[in-house]
1. Where the second residue is not in a helix (DSSP H, G or I) and not aliphatic (A, V, I, L, M) and the first is on the phi > 0 side of the Ramachandran plot and lies in the stretch A:187-207, which pairs have Cβ atoms under 6 Å and are six or more apart or on separate chains?
2. Picking from A:Leu258, A:Leu164, which residue would you name as being touching a Gly at 6+ places or on another chain (Cβ under 7 Å) and either part of a loop (DSSP other than H, G, I, E, B) or surrounded by fewer than 20 Cβ atoms within 10 Å (Cβ to Cβ) (or both)?
3. I need the full set of residues from the stretch A:88-137 which are without any contact (Cβ under 8 Å) to a residue 40 or more places away in the chain, outside any helix (DSSP H, G or I) and among the hydroxyl-bearing types (Ser, Thr, Tyr), in order please.
4. Can you tell me how many residues in the stretch A:26-57 are loosely packed, with under 15 Cβ neighbours inside 10 Å and either at positive phi or in a helix (DSSP H, G or I) (or both)?
5. Specify which of the listed residues (B:Glu181, B:Glu211) is part of a helix (DSSP H, G or I) and of a type in the set (D, E, K, R).
6. Could you run through the stretch B:112-129 and say how many residues are without any contact (Cβ under 8 Å) to a residue 60 or more places away in the chain and more than 9 Å from chain A (Cβ to nearest Cβ)?
7. Please work out which residue is farthest from the other protein chains (Cβ to nearest Cβ), limiting yourself to the stretch A:34-82 and to residues that are over 21 Å from A:Asn18 (Cβ atoms) and touching a residue at least 60 places away in the same chain (Cβ under 8 Å).
Amino acid sequence: MRTAFVNELENIMDKDENTFLLTGDLGFSVFERLRERWSKQYINMGVAEQNMIGVAAGMALTGKQVFVYSIIPFVVYRPFEQIRNDVCYQNLPVRLVGVGAGFSYSDAGFTHHAIEDYGILRSFPNLTILSPADSLEVTAQMKQINSLGGPSYMRLGRNGEPILHDKQKFLKIGKALELTRGDDILFVATGSILGKAITIGKLLESVGYTVTILDYHTIKPFDDESLLKSLDGKRLVVTFEEHLVTTGLYSLVAQTILSNDLSIRIIPFGIGESAIHYSGTREYMLTQYGVSDQLIYEKIKKALG
Amino acid sequence: MVRLHNRTHTSHIGSEFSSLDIMVELYFDVMDITPQNFSSLDRDYFIISKGHAAPALYDVLFRRGFITKDAFESYGKEGSQLAEHPKREVFGVDTATGSLGHGLSIAAGMAYSLKYSNMKGKVYCLLSDGECQEGSTIEAANFAGRMKLDNLIAVIDNNRLQGYERTSNIQNIASVKNKFEASSWSVSEMNGHDFQDMRSKFLNTPFKTGEPSLLIANTLKGKGVLEMEDKLEWHYKSPSDVEVENFIKQLGGST
């Protein structure tokens, strides 16, 4: 995902001398070419993230498009108030880009786990929140990103996430992508964990159930319409995310269903509430929260009776 | 402003009176910002990082022709755009502020952007002495010095009183001066109530090519009203009905 992001950013900077990249001292082996070529549009802001966001806002106020890059906790949690007041409140074209979605940096421990980011950010005004599932989605979103007048946040994995789409599908920011269409179950997923939804969907089809899969590559604005349309006739809704379910995709889906006077069972797969004091591989961490192919499959089968 | 605060019972009149003269000097004598050029990018900029002094800025914007008298007097009324802290919906305001420690970063981002685009505008940023305790202010000072932003002029309203303490009991102004100097800023002092002194200092900026300038403006909280001067409680109090006439008389106004 990171490589796709950098390639597209270079394409943008190629055409637009008013696009900038600020990094919080991160990007080893990623930004070397860009730094060489655009030495005035690339700034390593050092380990000072609050200032980084404020500077980005100041540049945007004087007509610039500014990408701001760091690991998610450092680009979202540390400068939280600068994002709220300077960027979102003022509706400025600042493009926050965070790497390390969910447990991408699982071994690094709790300080580096990014499991609350879009839940927190969805409460801010004017912000478009992007949660691509693979590098093809990153590319498609980057091609549209500068047409957003206001701020955006893009949640990236690290590198080497599997490609989940056969080819570059038509993806429009703000509109959920339907990957399969079925009658029995609705899967709603965001981010690279979409891969699990696709795998489980195939397993269920092999035992006679058909599944609609909606890919929410955009968390905000939330596409209510696609969700409501796909609910028709379904027995069960299942959400997939590498994020706290309480403030994440599950809560968005549940909220939409309830506020439309509908009643249907929803099973959330994601991160539970409690902070965790252990670390391990990404798969290990997810399994601790019941998010493994086997556990998901068993739980869904049980729910279907 | 005395009447405004009397009517709305809002805080911070002391902080407004310590910085009002600085804003008057900048808007009427120094800066290239007018209602006519405000929509252009190629001009000077003013960031009121101590957003709680916004009513002083509103008064200046009114007298400089940015906003109408009616708009100015709508301050504190329901539905008014003129809140206790400023936002860009008010014509003439360059950025929203209100939380301390944000303004200098925004100002530095503007200054870098103007230089990059070969625009000659300067960015003026008004800070409170208290907000130099914010780590982000020091982050911004580092950045501006490192990027050689000599089109950035910061002014500290050194009124020596913060919200709940004598400022020097928390952090001495000498320590602030040292931090800016160590970050490659040129620093000078001025009397924040002496228009001639301020004029000569501002016209001398940048003090050094390739360095941002810091002016420590020595001021009095509540300047101009004996009962308010250098009194911490006027960070919060508003003039009572009984006090209004006396205060206005001391300020040389007519009641």
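The values are calculated or read from the model by the stated rules, or taken from the named source; none is laboratory data. Since we're looking at a predicted model, the values are computed, not measured. Every residue, glycine as well, gets a Cβ built from its backbone with ideal geometry; the counts of neighbours run over all protein chains shown.
1. Close Cβ pairs satisfying both conditions: A:Gly191/A:Ser131; A:Gly191/A:Glu242.
2. On the way: A:Leu258 fails: touching a Gly at 6+ places or on another chain (Cβ under 7 Å).
That would be A:Leu164, the only listed residue that is touching a Gly at 6+ places or on another chain (Cβ under 7 Å) and either part of a loop (DSSP other than H, G, I, E, B) or surrounded by fewer than 20 Cβ atoms within 10 Å (Cβ to Cβ) (or both).
3. A:Tyr89, A:Ser123
4. So in the stretch A:26-57, the residues loosely packed, with under 15 Cβ neighbours inside 10 Å come out as A:28-29, A:32-33, A:36-37, A:39-40, A:47.
Add one more test, that the residue is either at positive phi or in a helix (DSSP H, G or I) (or both), and what stays is A:29, A:32-33, A:36-37.
Number of matching residues: 5.
5. B:Glu181
6. 3
7. A:Ile72
Per-residue answers, yes or no, for (1) out of contact with any helix residue (DSSP H, G or I) (no Cβ under 7 Å at 6 or more places or on another chain); (2) of a type outside the set (Asp, Glu); (3) within 17 Å of B:Ser19 (Cβ to Cβ):
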{"position": "B:Ser184", "(1), (2), (3)": "no, yes, no"}
{"position": "B:Gly192", "(1), (2), (3)": "no, yes, yes"}
{"position": "B:Pro206", "(1), (2), (3)": "yes, yes, no"}
{"position": "B:Pro212", "(1), (2), (3)": "no, yes, no"}
{"position": "B:Asp230", "(1), (2), (3)": "yes, no, yes"}
{"position": "B:Lys237", "(1), (2), (3)": "yes, yes, no"}
{"position": "B:Glu243", "(1), (2), (3)": "yes, no, no"}
